Amino acid sequence: MTIQWFPGHMAKARREVTEQLKMVDCVFELLDARIPYSSSNPMISDIIKDKPRVVLLNKMDMADPGETKKWLQHFEAEGVYPVMLDAKNGKNLNMVVKAAEAVTKEKFERLAAKGLRPRAIRAMIVGIPNVGKSTLINRLAKKSIAKTGNTPGVTKKQQWIKVGKTLELLDTPGILWPKFEDQVVGKKLSLTGAIKDSIIHLDEVAIYGLEFIQQYELETLNKHYNIQVEADSPYIDIFDAIGMSRGMKNKGNEIDYESVVELVVREIRNAKVGRYTFDRVKELESTDEAE
Ligand code: G4P
């Protein structure tokens with residue numbers, strides 16, 4: 001689903017999430033494990049404020065496991081509780097419940113000390129489009145919850161889904177807008193399918209993806225496409241090699257670049273070339289230091 005984000009929509013989305021937040025004890029912020037920085041909403045801390053938060057690094061099955069580990073450490077160091085997750089295949093779902101218990105422990109102890117009866121923890125999921133919010137809700141609900149209302153502006157009656165004995169989840173996720181801050185973030189969002197019909201040209205997305213794999217996993221790139229490019233080969237040579245190898249030519253017997261671009265973007269999006277994490281913790285930390 002593609003959402004056109006205009007300032008009015010962002011204000012409305014923010015209002016709706018702020019309203020929903022009043023009903024919950026904690027928030028699950030769903031991110032794409034391949035781009036934990038780029039897939040976060042730019043105002044998330046401002047919106048969530050001091051509500052206990054769990055960061056869920058979803059789609060871990062498509063991310064580089066070593067990099068995911070570094071991201072988990074990074075979030076822990078920042079005082080945020082992180083969980084890596086594969087909502088599609090239902091991996092680590094029990095850790096989501098554990099995380100909710102951990103981040104709300106103090107609040108519930110306080111309530112118990114005041115003599116209040118114990119009750120289930122109430123939580124909601126927030127995140128930008130396509131990070132897997134509906135998939136996770138359905139997994140936790142153990143059934144398919146209709147996607148109606150999963151659009152800013154379309155309201156429906158909200159219900160609580162029981163997840164085991166200790167957790168209740170709002171059946172409607174909070175949908176927030178993605179970052180538009182720079183071209184590189186845009187390319188990463190497109191490369192991971194967070195934005196599908198992007199204002200960024202697909203050829204630039206393919207070039208970014210190919211150059212990334214050329215830099216980090218040249219051998220995998222050569223092997224996957226059955227080509228022989230070098231670490232310093234220009235991208236056009238990579239396009240030519242893939243086109244030749246896959247027999248993608250047009251009627252004039254020239255490389256059909258459009259088809260090559262589509263193939264490359266589709267395969268990287270689906271992690272067919274390999275598992276990559278396009279946001280590196282190191283880069284984020286070095287920008288933090290420079291500020
Ligand atoms: P949203 O509500 O946040 O907008 O996202 P949604 O659940 O619709 O998920 C977006 C896409 O991401 C879906 O794929 C979904 O299957 C996939 N997805 C969600 N979680 C995971 C995960 O942990 N691992 C992987 N590999 N994929 C995940 P789709 O192609 O749009 O739909 P479908 O063909 O899978 O149904």
Treating only the Cβ atoms of Lys and Arg (+1) and Asp and Glu (-1) as charged, compute the dipole magnitude of the chain about its Cα centre; round to the nearest 20 debye. 2420
Identify the residues of segment 7-50 with backbone N under 14 Å of a label point that sits 7 angstrom from the Cα of ALA113 along the Cα-to-Cβ direction, or state none. none
Explain nothing, just the number: relative contact order of segment 79-234, from Cα pairs under 8 Å at least 6 residues apart, as a whole percent. 18
Between GLU78 and LYS51, the two model label points (7 Å from Cα along the beta-carbon direction) sit apart by a distance in nm of 1.8
Cross-link candidates for LYS187: which lysines have Cα within less than 21 Å, leaving aside residues fewer than 8 places away along the same chain? LYS59, LYS179, LYS196, LYS272, LYS282
In the chain, what % of DSSP beta bridges are antiparallel (nearest 5)? 25
Considering only protein heavy atoms and a 1.4 Å probe, what is the carbon-and-sulfur percentage of the accessible area of the chain? 51
Going highest first, how would you order 110-121, 54-65 by mean Cβ packing within 10 Å? 54-65, 110-121
Nearest 10, in degrees from 0 to 90: the angle of helix 7-21 to the longest Cα principal axis of the chain is 40
Rounded if a/c is under 1.5, else prolate if a/b beats b/c, else oblate: with a ≥ b ≥ c from the C-alpha gyration tensor eigenvalues square-rooted, which is the chain? prolate
If one compares the long axis through the Cα atoms of helix 93-113 with the longest principal axis of the Cα atoms of the chain, the angle in degrees, nearest 10, works out at 30
With DNA, RNA and ligands ignored, accessible area of ARG269 (1.4 Å probe; Å², nearest 10): 50
Heavy-atom accessible area of HIS9, protein chains in place, probe 1.4 angstrom, given in Å² to nearest 10, is 80
Consider a paramagnetic label point 7 Å from the Cα of ASP61 along Cα→Cβ; state which residues of segment 15-51 have an amide N under 18 Å from it. 31-35
Where only protein heavy atoms count, and the probe is 1.4 Å, what is the accessible area per residue for segment 38-77 in Å²? 44
Can you give the angle from 0 to 90° between the axis of helix 202-216 and the longest principal axis of the chain, with both taken from C-alpha atoms, to the nearest 10? 90
Starting from the Cα of ARG246, step 7 Å toward the Cβ, then list every residue of segment 219-234 with an amide N under 13 Å from that point. 224-227
Taking the Cα centre of each part, how many Å lie between segment 155-229 and segment 118-134? 19
Accessible surface of ARG14 - all protein chains present, 1.4 Å probe, nearest 10 Å²: 60
Sites GLN159 and VAL184 - FRET efficiency at Förster radius 45 Å, r taken between beta-carbons, to 0.05: 0.70
Quote the relative contact order of the chain in percent (integer), defining contacts as alpha-carbon pairs under 8 Å separated by 6+ residues. 21
Solvent-accessible area per residue for segment 102-243 (1.4 angstrom probe, square angstrom): 54
Long-range HN-HN contacts of ILE125 with modeled amide H, under 5 Å: PHE28, LEU170, GLY174
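The values are calculated or read from the model by the stated rules, or taken from the named source; none is laboratory data. No experiment lies behind these values; they were computed from the predicted model shown. FYI the Cβ positions are ideal-geometry reconstructions off the backbone, even for glycines, and counts take in every protein chain you see. The area values use the complete protein model at the heavy-atom level, side chains included, leaving out ligands, DNA and RNA. Shrake-Rupley method; radii C 1.70, N 1.55, O 1.52, S 1.80 Å.
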